[in-house]
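The values are calculated or read from the model by the stated rules, or taken from the named source; none is laboratory data. For clarity, every value in this text was computed on a predicted model and none was experimentally measured. Counting neighbours? That spans all protein chains shown, and the Cβs are built from the backbone with ideal geometry, glycine included.
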C-alpha cells in the first residue's frame, strides 16, 4: 500500500510500504477515507525528532471504513464507518475509565513508529474495541471534514477549553491562531464563554476565528499582548487561557494574561517551555492543566453538534489534497500558506 | 506595646514598638488573644529574606477582640471577637468576589513590614470590613486553638485539598507532615477521600496524622517514596496530591505520585522549585494548582465543623507559650522539636 513517510526534516515521501494488516486479535484494519496533517506533524518536519533509516510513518487523524477485525473484537464490524482518535486505548483500564485515554495502560499513539500512520491507504488499529468510534452511515460529504477534526484538532481545542475551565459567562483567551486555536475558539464559545480573545497574527485565520466566535483580536506579542488583554478585561485578565502553541513565549503570555485564580489549559506540545514555580503561577493561584487530549472521551459529546451543524470545525481545512499531495500539504502548512490540509482518498 | 521582631536569620526579639492604631477609616484595631508561629515564618528565620534596620514585624495568624474601628467601618464593632486571616482584603473587588482574597486589589499580607505582625499585643487591620470574620462569643477556651488555625494553617490545608480536587472516594496523598500537611489530612478526610497517604518522617507527627485520618504512612523519600505510593495504589498513583512543603524534592515527588489526570494542590511557598513543562506534567495531563490560601473565603465553611468539634486542627499546636516565649517557639519549630507554637496573651 502507499503511505506518507518522513525521512528527515522537511523530507516527506509517499511510498510503497508493506500492507497494513491484523496483527493482534484486538486489532481492526481500516481503509482510510479522509486523513489530515496535524500541527504536531510539523515538529519533526522542523527537525524535532529522531529519524530511523526506514523513516517515520506519519499521520494520526483519520476516518475510514473497517475492512477487517481480529478474532476477539466485539463492538466493531467490517463495513463500519469509524473515527480513529489519535491515540489508541482499551477503554477499560482505570485511566480510560477516568477519561484519560491518552494514558491507557495498553494504549499508544499512531504515527510515531510503533504502529503505522494515518496518512496512508490503510491503517491497523490496536485495541479497536476501545479505540474506534462508529459513526452514522450515509452522511453528506460536506460534514466529513468536521467529523475528521473530532479525531484530534477539535477534540484538542475542546480539551484546552475544558482544562482551562471555560464555563458560561467567563472570559477566555486563546493563544494561537492555528487550527487548534481556532477549534479552541469554537470550544470556548460552545462552553459558554462571554468574551473570547484570540491572540494571533495571520489575518485569514483571525477572520475565521471571528466567524467561530472570537469577540476580540490581539495581534501584539509578548508584553504588548499582555497589556492589550489587560485593557480588554478591565485590568483583571482572563479567567481561562487556551494555550494552543507550545512555545515558551506563548506559555509566558498565557500565564501573564490569566487573572488570579484563573486556569491555563495547554494543548500545544511544550518545546523548551519554562513554567515558573513561584510568580506568577503560585502567587496568582493559577491552575495549569492540559496535555494530550483524550479525544476518545470527547467524541461522543461533540458528535451531535457536528452532525447537526451547530459547529463546523472542518472549516479549518483550507487545503484539500490527495495522498500524493501530502508532501505539498506539509510544505504549505510549514510556510503558513495553509492552516491545515485534508487528504481525500 | 510589645511585639516580636525579626532582625536577621535566627534573631527574633520581643521588643517595645509604637502602639498599633487606626490609620485609615477602614481600619480596625484588635487586641490579640491568641497568635501563632507559621511554618512560613521559618523561611526568613533560615535566611530567606531581606532585613531592614528596624527588623520585620512577625506573625500573621491571630484571633482577638476589636478595640477600635475607623469611621467608615460598618460590619465590625468594638468588642467583637474576630478571626484575622493572614491576608487582608476588601471583600468587594472582582478577585475577592471570585474567592481569591489573597489577590485583592486593595489587599496585602500581615507581618511582612507594610502592616504590623500578629505576634504582638495588638494589630491594625486594614480593610477590616472585608478582612475580619466575627466569631461567636462565650466559647470554651478548648476550642480557641482550632479557631486560630482557621486564620491560616487549616485554611491552607483545605486549600491544598480543594485545589488538588479531593472528592468522595478519591485517593489523596499529603506530602509533608508539618502543621499544614497535618491540616491537609484533616481537609482530605473532610472532603471524602477514601485513602489518605501521608508522606513524612517525624514519628509524632505521623501519629497525629493517623489520628486525623491518614490511612497509610510513607517515610521513604524521593524515588523510594514514589515506588511505595505506587505499591499502595495498585500501580496507578493518586488522584490528588496536597503538596505542603515547597521544596523541589517535594514537588517532584508530588508530580511523580500523581496518576494521569491527577491534580496537585500546592500550598508550600516554592523555594527553588522547578516545574517540568513536558514530562510528567503535560504527558500525564496533570493539573497543577494552589497558591496562598484565600483563608477569608474558607472560614465560613470550616467554622461550623470547628465549633461543633468535628475537626480539631488545633491539635497541631504542641507548644504553648506567651509573647516573651516567641523566640523559643521559633527555635523549637526550627529544630523540629515542636510542630507549631501557639501564643497565649
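If only residues of the range B:68-101 that are in contact with a helix residue (DSSP H, G or I) (Cβ under 8 Å, 6 or more places away or on another chain), outside any loop (DSSP other than H, G, I, E, B) and within 16 Å of residue B:295 (Cα to Cα) are counted, the one that is nearest to the other protein chains (Cβ to nearest Cβ) is B:95. Within the range B:302-314, identify whether any single residue is out of contact with any helix residue (DSSP H, G or I) (no Cβ under 6 Å at 6 or more places or on another chain), at negative phi and within 14 Å of another protein chain (Cβ to nearest Cβ), and answer yes or no. No, the range B:302-314 contains no residue that is out of contact with any helix residue (DSSP H, G or I) (no Cβ under 6 Å at 6 or more places or on another chain), at negative phi and within 14 Å of another protein chain (Cβ to nearest Cβ). The range A:116-167 holds helices (runs of 4 or more DSSP H) entirely within its bounds, and those carrying 2 or more residues that are assigned by TED's automatic domain parsing to the domain that holds residue A:19, within 19 Å of residue A:69 (Cβ to Cβ) and touching a residue at least 24 places away in the same chain (Cβ under 8 Å) map to A:128-131. Within the range A:145-159, no residue satisfies the criterion of being under 18 Å from residue A:198 (Cα atoms) and more than 10 Å from the chain's Cα centre (by Cα).
Within the range B:102-115, being crowded, with 22+ Cβ neighbours inside 10 Å and at the interface with chain A (Cβ under 10 Å from one of its Cβ atoms) holds for B:102, B:103, B:104. Please indicate, with yes or no, whether at least one residue in the range A:189-201 is touching a strand residue (DSSP E or B) at 6+ places or on another chain (Cβ under 8 Å), in a helix (DSSP H, G or I) and closer than 20 Å to residue A:295 by Cα. Scanning the range A:189-201, I find at least one residue that is touching a strand residue (DSSP E or B) at 6+ places or on another chain (Cβ under 8 Å), in a helix (DSSP H, G or I) and closer than 20 Å to residue A:295 by Cα, so the answer is yes.
In the set (1) more than 8 Å from every other protein chain (Cβ to nearest Cβ); (2) in a helix (DSSP H, G or I), residue B:265 fails one condition alone, (2). Of the residues making up the range A:177-195, those that are within 19 Å of residue A:287 (Cβ to Cβ) and either surrounded by 24 or more Cβ atoms within 10 Å (Cβ to Cβ) or touching a residue at least 60 places away in the same chain (Cβ under 8 Å) (or both) are A:184, A:187, A:188, A:193.
Can you say whether residue A:260 is at the interface with another protein chain (Cβ under 7 Å from one of its Cβ atoms) and farther than 26 Å from residue A:48 by Cβ, as far as the supplied structure shows?
Here the answer is yes, as residue A:260 does meet what is asked.
Scanning the range A:235-244 for residues that are within 13 Å of another protein chain (Cβ to nearest Cβ), farther than 15 Å from residue A:293 by Cβ and touching a helix residue (DSSP H, G or I) at 6+ places or on another chain (Cβ under 8 Å) yields A:236, A:237, A:238, A:240. Scanning the range B:291-301 for residues that are buried (at least 24 other Cβ atoms within 10 Å of the Cβ), within 21 Å of residue B:188 (Cβ to Cβ) and more than 7 Å from every other protein chain (Cβ to nearest Cβ) yields B:293, B:294, B:295. Is one or more of the residues making up the range B:216-231 without any contact (Cβ under 8 Å) to a residue 40 or more places away in the chain, touching a strand residue (DSSP E or B) at 6+ places or on another chain (Cβ under 6 Å), surrounded by 18 or more Cβ atoms within 10 Å (Cβ to Cβ) and in a helix (DSSP H, G or I)? Checking the range B:216-231: at least one residue is without any contact (Cβ under 8 Å) to a residue 40 or more places away in the chain, touching a strand residue (DSSP E or B) at 6+ places or on another chain (Cβ under 6 Å), surrounded by 18 or more Cβ atoms within 10 Å (Cβ to Cβ) and in a helix (DSSP H, G or I).
If the condition is being part of a loop (DSSP other than H, G, I, E, B) and either farther than 16 Å from residue B:153 by Cα or outside the structural domain of residue B:137 (by TED's automatic domain parsing) (or both), then the range B:307-345 contributes B:308, B:309, B:310, B:322, B:335, B:336, B:337, B:345. Under the condition of being in contact with a strand residue (DSSP E or B) (Cβ under 8 Å, 6 or more places away or on another chain) and under 18 Å from residue A:284 (Cα atoms), which residue from the range B:268-285 is nearest to the other protein chains (Cβ to nearest Cβ)? Filtering the range B:268-285 for residues that are in contact with a strand residue (DSSP E or B) (Cβ under 8 Å, 6 or more places away or on another chain) and under 18 Å from residue A:284 (Cα atoms), the one nearest to the other protein chains (Cβ to nearest Cβ) comes out as B:275.
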